[in-house]
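The values are calculated or read from the model by the stated rules, or taken from the named source; none is laboratory data. These figures come from a predicted structure and were not determined experimentally. Don't worry about glycine lacking a Cβ; one is built from the backbone with ideal geometry, like all the others, and counts go over all protein chains shown. Accessible surface areas use protein heavy atoms only, side chains included; no ligands, DNA or RNA. Shrake-Rupley method; radii C 1.70, N 1.55, O 1.52, S 1.80 Å.
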Amino acid sequence: MRIKKFCRPIRMISALTVLLFVISLFAACSDDSAPSSSRQQTSSASQTQSSSSSQQENVSSEPSDDPEDYDGHPYLAEKVDLNGLEVIFAVPNDLVIPKDDSTEINGEILDSLRRIQKDYNCRISSMQIEYGDWDDIISALAAGEEYADVLLPCIHQTADFFEANICADFTSPEISRYIDMSRPWWNDSVMQAANVGGKVYAAAPCISDTIGVASVVLFDKDVLEDIGHESDELYSLYHKGEWTWDALAKYAKKANKDLDKDGKLNGFDDRCGLVGSGYNTARAFSATAGVSVFAVENGKNAVYSLNTEHAIKTLERLNSFFNTEDIFCDTSWDSTTRRDVVMFKDDLALFSFTWFLNLDSFSKNKAGRVGVLPLPLGPDENGGWQKEYVSLGDHNFRVALIPKTVKDKEGTALVLEALAFDRWKLMYGKLDRVLESIEADEQTAQIARDIYGYVTFEADQFLYTYEQYKWNTLTSGIFRGIVRQKDYDVKGLVNARAKEAQALLNKYYGNS
């Protein structure tokens with residue numbers, strides 16, 4: 001095992017005492033006869049290169065997105081001797097290796113890890129770190145030190161990794177030989193979002209629950225029935241491509257009810273049409289209208305785009321949506337008490353903007369009474385509606401980075417591919433258990449599966465911390481103002497910040 005060193009001595013004590021330790025799956029859940037790892041050994045993955053490549057070429061260019069269609073991995077060899085290669089994942093939690101098999105999904109994950117280790121003669125270990133220690137890791141890698149083989153930071157933490165030029169390119173031959181991000185167990189939108197200068201520095205395997213971070217709209221069947229409508233109406237709108245901002249607004253306005261008779265909807269004692277996090281709702285809804293903070297082509301020529309005509313009209317419409325049309329109850333959001341969740345549980349909201357992983361929190365008191373829809377279609381540039389549903393993924397989703405200092409990138413890529421495929425198959429079992437816990441109807445169950453294909457991540461989400469959060473202040477602040485301020489000067493602010501935002505993009509992407 002490698003010795004981890006830090007470039008910042010002031011953090012050394014905490015790092016050595018509580019932050020960094022390795023959980024070896026062989027030690028925790030494999031037999032004692034498993035081969036030990038050595039960093040001096042070289043991977044024999046290259047010996048299977050030609051066979052794996054030929055298998056990959058024979059697979060359909062449009063692979064099935066149904067896990068039941070796969071008995072095994074479609075192009076990885078069943079057995080590869082990696083000579084006991086140890087692949088270490090750095091992550092602040094037990095995402096890669098569960099602490100125990102106390103739940104069904106944890107047991108399945110551990111079984112999967114054992115199989116991968118056996119089939120590929122490798123070790124999979126997890127190095128647990130503190131959430132805020134990524135800066136130290138960046139410093140260590142920039143100094144050329146070896147660290148973990150795969151890093152799993154949140155999307156919003158990754159810009160500094162890219163700028164430090166310490167990440168391997170996922171499109172390089174040694175990595176792309178095994179990792180194909182067009183496959184359904186990877187989210188291919190990250191391939192575009194993480195592209196800087198034509199090189200892709202991050203990937204989105206199903207290690208992190210991709211369905212769980214999907215933004216969705218939940219609806220309360222009891223409230224819907226109280227206003228004279230049935231679930232089938234909403235499901236029908238979805239299937240016909242007519243589940244739009246206007247459709248949501250129509251039902252939301254009808255659900256509003258001044259229960260305390262004080263003449264206003266204050267979000268504490270009244271029933272509201274839509275609740276949730278205002279900033280996140282605005283950010284996700286802008287994505288459904290095809291509005292992004294900037295546009296970039298193959299990691300080059302990034303152009304700030306919040307000041308385009310369509311973006312300005314969309315953001316002005318959202319400002320009205322939140323402040324003057326009695327659709328959204330912003331006072332429902334409190335990051336500490338999560339008042340929006342309480343309101344939805346108490347039948348005080350028809351719709352709730354949230355992430356799919358929060359669905360199981362309604363299993364006790366709302367079983368059988370919650371429906372799921374994707375975010376509604378937003379407006380297009382021609383006065384109509386977008387044609388495809390989009391679910392902006394949460395910026396806390398964990399992406400995979402492979403440091404340049406990793407010696408055996410090929411073997412690491414093979415293990416990461418095998419792990420992504422297995423987790424993708426297990427994800428649907430986890431999904432089914434969540435749906436069962438809330439007694440979901442057949443329509444919601446099918447839509448939940450559809451939503452996986454709608455999950456999108458944007459390049460802007462990678463720049464959250466860029467330049468000491470300067471990027472976040474310039475761009476995210478606009479979305480917060482849209483939610484909170486009536487008659488917000490959208491046009492004035494997006495234009496006023498355009499020059500500085502473009503300068504940051506030029507620096508980040510190396511625009512000439």
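List of remarks:
- Cα centroids of segment 144-173 and segment 413-444: 27 Å apart.
- Average Cα contact separation per residue, segment 276-376, under 8 Å, 6 or more apart, as relative contact order %: 29
- Global dimensions of segment 130-186 from alpha-carbon coordinates: Rg and Dmax equal 12.8, 36 Å.
- Probing with 1.4 Å while keeping every protein chain in the model, the per residue accessible area of the chain equals 41 Å².
- For segment 363-369, Karplus couplings with θ = phi - 60° (6.51, -1.76, 1.60), whole Hz, Gly/Pro x: 6, 7, 10, 10, 4, x, 10
- Whole-angstrom gap from segment 454-485 to segment 108-130, using each part's C-alpha centre: 35
- Per residue, the average separation of C-alpha pairs within less than 8 Å and at least 6 apart gives segment 360-512 a relative contact order of 28 percent.
- Among beta bridges that DSSP assigns inside segment 264-395, antiparallel share in %, nearest 5: 50
- Highest average packing first - 74-80, 107-113, 413-419, Cβ atoms within 10 Å: 413-419, 107-113, 74-80
- For segment 161-293, the normalised intensity computed at q = 0.10, 0.11, 0.12, 0.20 Å⁻¹ comes to -0.55, -0.63, -0.70, -1.24 (log10 of I(q)/I(0), Debye sum over alpha carbons, equal scatterers, no solvent).
- The chain: relative contact order in percent, alpha carbon pairs under 8 Å with at least 6 residues between: 22
- The distance separating the Cα centre of segment 345-363 from that of segment 228-295 comes to 13 Å.
- For the chain, DSSP calls about 65 percent of its internal beta bridges antiparallel.
- FRET efficiency, A445 to Y70 (Cβ-Cβ, R0 35 Å, nearest 0.05): 0.95
- The residue list N365, Q485, I447 was ranked by how far each Cα lies along the charge dipole of segment 365-512 toward its positive end, using unit charges on Cβ atoms, and Q485 comes out on top.
- Close amide-amide hydrogen proximity is noted between A168 and I402, K404, each under 5 Å apart and 5 or more residues distant or on a separate chain (H modeled in the peptide plane; Pro and chain starts excluded).
- Label point 7 Å beyond Cα of E381 along Cβ direction - residues of segment 477-512 with amide nitrogen under 19 Å: 491, 495
- The residues packed around A295, meaning those with a beta-carbon under 13 Å from its beta-carbon, carry a net charge of -2 if Lys and Arg are +1 and Asp and Glu are -1.
- From helices alone, the chain scores -11500 deg cm²/dmol at 222 nm; the rule is -39500 (n - 2.57) for each run of n ≥ 4 DSSP H residues, then divide by the residue total.
- The Cα atoms of segment 365-440 give a gyration tensor whose axes a ≥ b ≥ c have a/c of 1.5 or more with a/b no greater than b/c, which makes the shape oblate.
- Heavy atoms of T324: accessible area, 1.4 Å probe, square angstrom to 10: 70
- Qualifying lysines (Cα of each under 22 Å from Cα of K404; at least 8 residues distant if same chain): K4, K5, K199, K300, K507
- Under 5 Å between amide hydrogens, built in the peptide plane, is the criterion, and for T456 it picks out S391, L392, G393 among residues at least 5 positions away or on other chains.
- Computed from the alpha carbon atoms alone, the convex hull of the chain holds 159 Å³ per residue.
- Computed from the C-beta positions of K257 and S182 and an R0 of 51 Å, the FRET efficiency is 0.60 to the nearest 0.05.
- Electrostatic tally near Q443: other residues with Cβ closer than 12 Å to its Cβ, Lys and Arg +1, Asp and Glu -1, net -4.
- Once backbone amide H atoms are built at 1.01 Å from N, V196 has Y201 as its partners under 5 Å, excluding neighbours fewer than 5 places away on the same chain.
- Taking 16 Å as the straight-line reach from the Cα of K313, the lysines in range (excluding those fewer than 8 positions away in the same chain) are K486, K491.
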